[in-house]
1. Can Ala451 be described as open to solvent by 10 Å² or more (accessible area, probe 1.4 Å), over 22 Å from the mean Cα position of the chain (by Cα) and among the aliphatic types (A, V, I, L, M)?
2. Of all residues in region 139-169 being assigned to a loop (DSSP other than H, G, I, E, B) and closer than 14 Å to Arg89 by Cβ, which is least open to solvent (accessible area, probe 1.4 Å)?
3. Which members of region 20-43 meet the condition of being assigned to a loop (DSSP other than H, G, I, E, B), surrounded by fewer than 14 Cβ atoms within 10 Å (Cβ to Cβ) and not polar (S, T, N, Q)?
4. Among Gly159, Gly224, which is the only one that is under 30 Å from Asp278 (Cα atoms), more than 21 Å from the chain's Cα centre (by Cα) and in contact (Cβ under 8 Å) with a residue 40 or more places away in the chain?
5. Kindly check whether there is at least one residue in region 351-364 that is assigned to a loop (DSSP other than H, G, I, E, B), more than 30 Å from Ile467 (Cα to Cα), among the aliphatic types (A, V, I, L, M) and open to solvent by less than 40 Å² (accessible area, probe 1.4 Å).
6. In region 191-295, which strands (runs of 3 or more DSSP E) lie fully inside it and hold 1 or more residues that are on the phi < 0 side of the Ramachandran plot and open to solvent by 10 Å² or more (accessible area, probe 1.4 Å)?
7. For region 492-508, which residues satisfy the criterion of being in contact (Cβ under 8 Å) with a residue 12 or more places away in the chain and either open to solvent by 50 Å² or more (accessible area, probe 1.4 Å) or closer than 14 Å to Met448 by Cβ (or both)?
8. Restricting to region 129-138, name every residue that is open to solvent by 10 Å² or more (accessible area, probe 1.4 Å) and part of a helix (DSSP H, G or I).
Amino acid sequence: MIDTNTISLEKYGIKDAIVNYNLSPQTLQDITIKQGMGKLTDNGTLAITTGTFTGRSPQDRFIVQDEFTTDKVWWGRTNKAIRTENYDRLMNEVIRYLSGKELYVRDAYACADPTYRTTVRGITEYPWSNLFMYNMFLRLQQTEETNFQEDWLVVCAPGYQCPQPELYGIRQQNFTILNFTKKEVLIGGTAYTGEIKKGIFSALNLMLPIAHNVLPMHCAANVGESGDTAIFFGLSGTGKTTLSADPDRKLIGDDEHGWTAKHRIFNFEGGCYAKTIDLTQEKEPDIYNAIRPGALLENVVMNTKGKVDFSDCTLTQNTRVSYPIDHINHIKQPSYADTPKNIFFLTCDAFGVLPPVAKLTPGQAAYHFISGYTAKVAGTEAGITEPVPSFSACFGEPFMALHPARYAEMLSDNITEAGVNVWLINTGWSGGPYGVGSRIQLKHTRAMIAAILAGELDKVDYEQHPIFGLYMPKYCPKVPSEMLDPMNTWLQKGAYISKSIQLAHYFHLNFEKFADQTSQQVIEGGPLIDQYHSLPEDNA
């Protein structure tokens, strides 16, 4: 390891700092404990709290609007602009704040495919933020530390709070800002580690398509013994982590990947950042067993003996753990594989409308990719008493710097060229909406995915859904045939049609903001009913 004295931060303007360079996880853990910033669980895992922010703050994420970004970024609610001079002033303030402090530097990289390797230097105020970077990014060989040159710089200063946000063009004291011209991510006023990970992910989401024609994806991926790759898209609560963790297949990664024009899928990361709320060894053995020394637990609650209560959401529902990917037994090394044979769009439909499995046409695949649908159920957020549709473009809208249609076009091109099958999997409700019907059993969902991966659904007949136009198999091994058409599971067929039209209307309303940059083929991949069909009453 390079001696700490050989690392200087003065080229960034940070003066008189005590620099700790690429410290080991154990050393970072020891420092965190010594400084009273964390505690050890009963099995020796470091647990910390992130303070005021226990999740990302999307309204406080900005992109510097300059000559490079003005005509490229999809500006609006997701990507908010900040002027160059305001960014420069904030960066100078943070640099002054960090000068003279003890800091932690981490050199690493993103993108497992060597062709797209992107080096990252992180300068963090807290030791456990540095441990997070060790876990989540790809790690250098010791010989690579000499003469390291970063492609992107991350400056993370949780203790700095902007005293007069309005003078800098930001909303409040915390901020995460991407500067594509300088290739910098500036984080201040928040200790939530996910801002580091998603900052670089957001950067790759713009740079890879523009510079390399690589499609960035917010998804999990695994590969079978025969080399058949599968991709799993899905928002929180849809089962992405659960269904991609298959003991018979090797995990490529659980969250962020690229799909190259040369037909390769590669992981952006070197670790996993998993939710732990209600975690049990029985439900999620891979994640549970990965929580050991070297991992970093965030915002969990434990007793005086260090026993973690994963069901306790006193601090947040968004309890998390980060760990290196090699804490998982069944992993693909190096973490890339060939073009996928199957793509799964996972949705938890609390309306009980969508079929448990459906095959999508290329137009439908692009439409549902842009839509990124799932549903929130009663009790997940304050004030929610009925199912509420939730749409996140490309299953990761907060991190997409380009217009979603651009990513959808790239996905469609790759699907068509490689002959990939795309499937919609509903892990939500059947027999009625939430509160009336029942959740589709995990064993049935696993059986559907297993049948698809084995090619068994290539040999069956299909029928088309009357409202959504999706193609539903009439038979699937180990799955009751009557549940494959969701209308069969409802006691009142008229109520099912009414609820289907209601959900279809939500889809149309959401898609209106994308239609002007989307092809007619993609628009026609949506629900078959007229988008201006009257909305049924909620109690219909």
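The values are calculated or read from the model by the stated rules, or taken from the named source; none is laboratory data. A quick note: this is a predicted structure, and the numbers were derived from the prediction, not measured. Glycine gets a Cβ as well: all are built from the backbone with ideal geometry, and neighbour counts include every protein chain shown. Ligands, DNA and RNA are stripped out before the accessible areas are found, and what is left, the full protein with its side chains, is counted by its heavy atoms. Shrake-Rupley method; radii C 1.70, N 1.55, O 1.52, S 1.80 Å.
1. Numbers: open to solvent by 10 Å² or more (accessible area, probe 1.4 Å): no; over 22 Å from the mean Cα position of the chain (by Cα): yes; among the aliphatic types (A, V, I, L, M): yes.
It is false that Ala451 is open to solvent by 10 Å² or more (accessible area, probe 1.4 Å), over 22 Å from the mean Cα position of the chain (by Cα) and among the aliphatic types (A, V, I, L, M).
2. Taking region 139-169 and keeping what is assigned to a loop (DSSP other than H, G, I, E, B), we get 140-141, 146-151, 158-164, 169.
If we keep only those that are closer than 14 Å to Arg89 by Cβ as well, we get 160, 162-164, 169.
Details: Tyr160: 17, Cys162: 0, Pro163: 93, Gln164: 92, Gly169: 40 Å².
Only one residue fits best here, namely Cys162.
3. Residues of region 20-43 assigned to a loop (DSSP other than H, G, I, E, B): 22-24, 35-38, 41-43.
Still in the list and also surrounded by fewer than 14 Cβ atoms within 10 Å (Cβ to Cβ): 24, 35-36, 42-43.
Passing the criteria: Gly36, Asp42.
4. On the way: Gly159 fails: under 30 Å from Asp278 (Cα atoms).
So the residue among Gly159, Gly224 that is under 30 Å from Asp278 (Cα atoms), more than 21 Å from the chain's Cα centre (by Cα) and in contact (Cβ under 8 Å) with a residue 40 or more places away in the chain is Gly224.
5. Filtering region 351-364 for residues assigned to a loop (DSSP other than H, G, I, E, B) gives 351-356, 361.
Imposing the further condition that a residue be more than 30 Å from Ile467 (Cα to Cα) reduces the set to none.
Checking region 351-364: not a single residue is assigned to a loop (DSSP other than H, G, I, E, B), more than 30 Å from Ile467 (Cα to Cα), among the aliphatic types (A, V, I, L, M) and open to solvent by less than 40 Å² (accessible area, probe 1.4 Å).
6. Values: elements: 215-223, 229-234, 250-253, 256-259, 264-267, 271-275.
Per the criteria, 215-223, 250-253, 264-267, 271-275.
7. Here is the first cut: in region 492-508, the ones in contact (Cβ under 8 Å) with a residue 12 or more places away in the chain are 495-508.
Scanning region 492-508 gives Ile497, Tyr506.
8. Tyr134
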